[in-house]
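What follows is one structure encoded as structure tokens, with my remarks underneath.
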Amino acid sequence: MTDEFMQQLKPEKPESRYSPLRLVGILSLIAFMTVLIIVGTFTRLKVINCFHFIEVMMHPALFPEGEMFALKAYFYAPQIPVILFSVALLGTACSLTSVLLYIIIGLTLMPVFALGGGLNYIFEPTFGYILACLPAVLIAGFLIDKDHSIFSLLKAAFFGVLTVHVLGLVYMLLVAVIRHENFTYIMDWLLFESVIKSVYDFSIGFLLMLVAKFFRKFIWILTSI
């Protein structure tokens, strides 16, 4: 056998999956998505409060007669939809890294949470909603791991949002018990920061996941996929 024939029999060395260019692209996307989560935390979208009538029923003394079915504004922060967008666009691992980076920055470096930051923030009742984003990413990512169909995106958005709000509420109740908080505050939060917000988290999150499905095909530009 000639040397040329022997060379042809040797298996080709596969190209490295984690080339420097690919790693730079992935890290850039993770950093960009972390910034986007911070922006989503402090963005306030003016939407309709679709549950205003319940607020009037709970606190009738605070509202004039006839306001039960009035259309009231609700200022909404699209943090959760941004995270769902990240899952659909980048996948579970990159999205989970972005959320972890966001939490680490908020606890140690900068006040990037809605009510501030620092290690003491773990004692805030709302910190559970931030922590709950981690399992939410895992669940949503699992549901669309190999199937980015519209139905799968719908399931991922629903169960991702449900995870955030259920675990966030459990954390809030634990903090309230430890601090001996007034449970009226918890009920108001449940209505206005979980029930109302979850409706917009799901609807806007699903729409952003559809957008991510379209842009996902262009990710190869930065990640060499």
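Some observations on this one:
- Of the residues 102, 171, the one with the largest accessible area comes first in the ranking 171, 102, computed with a 1.4 Å probe on protein heavy atoms.
- For residue 48, distant residues with modelled amide H under 5 Å away: 74
- With 22 Å as the limit on Cα-Cα distance, the pairs of 197/217; 46/197; 146/217; 146/213; 155/197 that go past it are 197/217.
- Protein heavy-atom accessible surface, 1.4 Å probe, per residue over the stretch 72-148: 42 Å².
- Couplings 3J(HN,Hα) for the stretch 206-213, derived from phi with the Karplus relation 6.51 cos²θ - 1.76 cosθ + 1.60 (θ = phi - 60°), are 5, 5, 5, 5, 5, 4, 4, 4 Hz, where x marks Gly and Pro.
- Calculated on the Cα set of the stretch 101-140, radius of gyration then Dmax: 10.2, 29 Å.
- List 92, 97, 126, ordered by accessible area with a 1.4 Å probe, largest first: 97, 92, 126
- Efficiency of FRET between residue 75 and residue 23 - r from beta-carbon atoms, R0 41 angstrom, step 0.05: 0.60
The values are calculated or read from the model by the stated rules, or taken from the named source; none is laboratory data. Fair warning: this is a prediction, and the values are worked out from it, not measured in the lab. Glycine gets a Cβ as well: all are built from the backbone with ideal geometry, and neighbour counts include every protein chain shown. The accessibility values were calculated without ligands, DNA or RNA, using every heavy atom of the protein model including side chains. Shrake-Rupley method; radii C 1.70, N 1.55, O 1.52, S 1.80 Å.
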